[in-house]
Amino acid sequence: MLVHVVFFWLKKNLSESDKAKFVQGIESIAAVKSLKGFHVGAPAPTAKRPSIDDSYDFGLYTSFENIAGHDEYQKDPIHLQFLENCKHLWESVKVYDFS
């Protein structure tokens, strides 16, 4: 199994329309065939602790059977369309992959 976690910091002062476009785009990733797991959301309202970083706007969790599934995802037209349509909406992105 390979887990691919992505955190997005959106640009400040985005319109509601742009935020909706981002949400629609990121949710479209759920249709990628090589995915074994998928979840997207905003920071959870958990208690603040020094080890918690909730400065991001959205987190994306995906999992794959293996690295080959992840590599298919990276080239999948749905993923590429999301990047093309939405990359101008975020300031920063961080990716964490583990197996």
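Coordinate-derived values only; no laboratory data. Only a predicted model underlies this, so the values are computations on that prediction, with no experimental measurement involved. Here Cβ is always computed from backbone atoms with ideal geometry, including for glycine, and neighbour counts include all displayed protein chains.
Annotations for the structure displayed:
- Restricting the GluC sites (Glu not before Pro) of region 4-78 to loop positions (DSSP other than H, G, I, E, B) with no more than 15 neighbouring Cβ atoms within 10 Å leaves 65.
- Positive dipole terminus of the chain, leading residue within 59, 32, 78 (C-beta point charges): 59
- Contact order relative to length of the chain, as percent, for alpha carbon pairs under 8 angstrom and 6 or more apart: 52
- Mean residue ellipticity, 222 nm, helices only, the chain: the sum of -39500 (n - 2.57) across DSSP H runs of n ≥ 4, divided by residue count and rounded to 500, is -9500 deg cm²/dmol.
- When +1 charges are put on Lys and Arg Cβ atoms and -1 charges on Asp and Glu Cβ atoms, the dipole computed for region 40-95 relative to its Cα centre reaches about 240 debye.
- 10 Å Cβ shell holding at most 14 others, DSSP loop, trypsin sites (Lys or Arg not before Pro): longest site-free stretch of the chain: 49-99
- Only Lys, Arg, Asp and Glu carry charge here, each on its Cβ (+1 for the first two, -1 for the last two); on that basis the chain has a dipole of about 220 debye about its Cα centre.
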